[in-house]
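Quick one: this structure, given as structure tokens, is what I'll be asking you about.
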Amino acid sequence: MSLTPEKRQTLDAMINEKGYTDYKWIDPKKIIVAQWVRMKCMFGCSEYGRGGACPPNTPPVADCERFFNEYSDAVILHFEGTMDKPEERHSWSRKINAGLVKLEREVFLAGFERAFLLFMDSCCFCKECSGDRKICKEPRMARPAPEAMAVDVYSTVRRLDFPINVRTDYDQKMDRYAFLMVY
Ligand code: SF4
């Protein structure tokens, strides 16, 4: 069963109050989970095995799919950024993710016990990541990114007419997406 219009309004007010306006609601059944995304993590990403909220610290793809199937309502939040230098990305993401995890907490405290946030970028709260969930330095704050949960972010956000493109250089505009699983 989906959220009532009144509950959605309550959540919209909470999201807006935090200053987020560029977001859309999605039926979680439309979130595309794919094995190829995990393969991209395993082969080609420097954070595989080095990020405490990245694979292989996240569940197998089949369990990720089950996780999304347990929800009836989710929000996708869009963030745009252009970096002068590649190393600026982590501080940009850290600040946004810290704000998002507070939003998740407020939604939870408002009675949405399933509230769970997926970061708009890999967790980069610490300069040196432990690389291991069991010895994470900020275990209450760290969350996986949608990609770490095997979400095909490109195809999913295009379903909502959000912009996203493969970038060919670091100084091009980034379109990053956080997912707030609500109910
Ligand atoms: S909180 Fe720190 S140690 Fe934990 S996953 Fe994030 S960067 Fe790694």
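Considering the stretch 105-149 alone, what residues qualify as being farther than 24 Å from G49 by Cβ and either of a type in the set (K, R) or surrounded by fewer than 21 Cβ atoms within 10 Å (Cβ to Cβ) (or both)?
Those that are farther than 24 Å from G49 by Cβ and either of a type in the set (K, R) or surrounded by fewer than 21 Cβ atoms within 10 Å (Cβ to Cβ) (or both): R105, E106, F108, L109, A110, G111, E113, R114, A115.
What are the pairs with Cβ atoms under 8 angstrom where one residue, in the stretch 67-93, is more than 23 Å from T21 (Cβ to Cβ) and touching a residue at least 60 places away in the same chain (Cβ under 8 Å) and the other, located anywhere, is charged (D, E, K, R) and in a strand (DSSP E or B)? Sequence gap at least six, or different chains.
So the pair list comes out empty.
Now for a different question. Can S72 be described as in a loop (DSSP other than H, G, I, E, B) and closer than 16 Å to K24 by Cα?
Yes; evaluated as a whole, the condition is true for this residue.
While we're here: Working only within the stretch 96-133, note down all residues that are over 14 Å from the mean Cα position of the chain (by Cα) and within 15 Å of the ligand (Cβ to nearest atom).
Result: F125, C126, K127, E128, C129, S130, G131, D132, R133.
Please state which one of F125, F179 is in contact with a Pro (Cβ under 7 Å, 6 or more places away or on another chain), more than 20 Å from M42 (Cα to Cα) and either free of Cβ contacts under 8 Å to residues at least 60 places away in the same chain or not in a loop (DSSP other than H, G, I, E, B) (or both).
Of F125, F179, the one residue that is in contact with a Pro (Cβ under 7 Å, 6 or more places away or on another chain), more than 20 Å from M42 (Cα to Cα) and either free of Cβ contacts under 8 Å to residues at least 60 places away in the same chain or not in a loop (DSSP other than H, G, I, E, B) (or both) is F179.
Hey, can you tell me all the residues within the stretch 58-91 that are within 16 Å of the ligand (Cβ to nearest atom) and more than 19 Å from E104 (Cβ to Cβ)?
Result: E87, R89, H90, S91.
Computed from the coordinates by the stated procedures, all read-outs in this text should not be read as laboratory data. Just so we're clear, the structure is a prediction, and the values are computed from it rather than from any experiment. Cβ coordinates were reconstructed from backbone atoms using ideal geometry, including for glycine residues, and neighbour counts include every protein chain displayed.
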